[in-house]
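Colleague: Dropping a structure here in structure tokens format, bear with me for questions.
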Amino acid sequence: MTVALDHKALPAASMRRAGIFSALVLLLLAAMIHAISAGRFSVAPMEILAILSRAAVDGVGTEMADRIVALVRLPRVLLAALSGAALAVGGAALQGVFRNPLVSPQVLGISQGAAFGGALAILIGISGVMLLGMAFAGGLAALVMVGLLARIDGRTEVITVILSGMVIGALFAALVSIVQFVADPNTSLPAIVYWLMGSFSTATWARLSLAVPGLTLGLFVVWLLRYRINLLALEEQEARSLGVRPDKERWLVFIAIALMTGTSVAVAGIVGWIGLVVPHAARIIVGEDHRVLIPASALLGAAYLVFVDTLARSLTSAEIPLGVLTALIGAPVFALLLRRHFRQVNRP
């Protein structure tokens, strides 16, 4: 009788999961089409499809609508979707590894390190590939320093990593402040301040091509480790008994997240709250299993950041910094999700 019930339960669970992922894919597609359509120069959804079809066959046309859709909005939407997926997946993976729902890439100091690298690049007049490289180098440097500081007697415990991340994050935040202090107030300082607040306004196909390798590689590594993250979420001794090498596999996850975070910061500045809010929402929808949570977070994070970026450029005549909107939306949503979580945990 039990076996029969189990066999019936498996297809039902698979169908439910397929329905959830279908809905998330449709949500992402709807957010992307709306983002390409919306703006001061609105374009009908069917016209968007026609423009993209023509561009794929004959190249970008000379009409204003063709150029806006193919050269301005499409690369921006793709970059926002890819960055949102990477930041959400990074948050979900870190929360699993640390067994703590309040962890995000900022906790490891990665975002602050990447921000210092990018701000330094702007200060000395570097852009393009070099800016991206310096942002990633800053994020990776922060991660290495956290690793060295957290390793005690040949072992790395979760709590020491979190505390080390807070220390290194504060250090790099202070270095960013020093860069702003010495920057020229008429040229580089406004550029640094605006960049740190976050924006996809500079998105182009060239910038997208720079970001794709780092973001996709980081996403792919976390995807490959999704089952191992389930084991890393167990107590350390239990994980070791199941054949996991926590130190090595934990740092593989960290390096992948440093790559994604550094790349995202390089192309868009600091966009906070995605790695905190989206994994919580995805967990409510699909549960704790990282084999399902990781792809769900990617889809939800991509749709969420595309939607917020559309608001940022559509609400007012001047574009609102993306970091401001993600904080204004993310903070109250996260508070509600957190209250819901603790209410469920404490329910008798």
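Colleague: What are the radius of gyration and Dmax of region 203-267, computed over its Cα atoms and given in Å?
Modeller: In Å, with Rg to one decimal and Dmax whole: 14.7, 48.
Colleague: Which of Ala135, Ala115, Ala331 ends up with the largest GNM mean-square fluctuation for the chain, with Cα atoms connected below 10 Å?
Modeller: Ala331
Colleague: Can you give the FRET efficiency for Tyr227 and Asn186, using 1/(1 + (r/R0)^6), R0 = 56 Å, r = Cβ-Cβ distance, to the nearest 0.05?
Modeller: Between Tyr227 and Asn186 the formula returns 0.60.
Colleague: Sticking with this structure for a sec: Report the relative contact order of region 12-337, percent, no decimals, based on alpha-carbon pairs under 8 angstrom and at least 6 residues apart.
Modeller: Normalised by residue count, the contact order of region 12-337 is 29 percent.
Colleague: I need the shape label for the chain. Rule: rounded when a/c is under 1.5, else prolate if a/b > b/c, else oblate, with a, b, c from the alpha carbon gyration tensor.
Modeller: Oblate, because a/c is 1.5 or more while a/b does not exceed b/c.
Colleague: When only DSSP loop residues count, what chymotrypsin sites (Phe, Trp or Tyr not before Pro) in region 1-106 have their Cβ near at most 12 other Cβ atoms within 10 Å?
Modeller: Those satisfying the criteria are Phe41.
Colleague: Give a quick list of trypsin sites (Lys or Arg not before Pro) in region 83-183 that DSSP marks as loop, anything other than H, G, I, E or B, with at most 14 other Cβ atoms within 10 Å.
Modeller: Arg99
Colleague: Volume per residue, Å³, of the convex hull around the alpha-carbon atoms of region 117-185?
Modeller: Given the Cα convex hull of region 117-185, per-residue volume reads 78 Å³.
Values in this text are rule-based calculations from the coordinates and carry no lab data. These figures come from a predicted structure and were not determined experimentally. Glycine also receives a Cβ, built like all others from the backbone with ideal geometry; neighbour counts cover every protein chain displayed.
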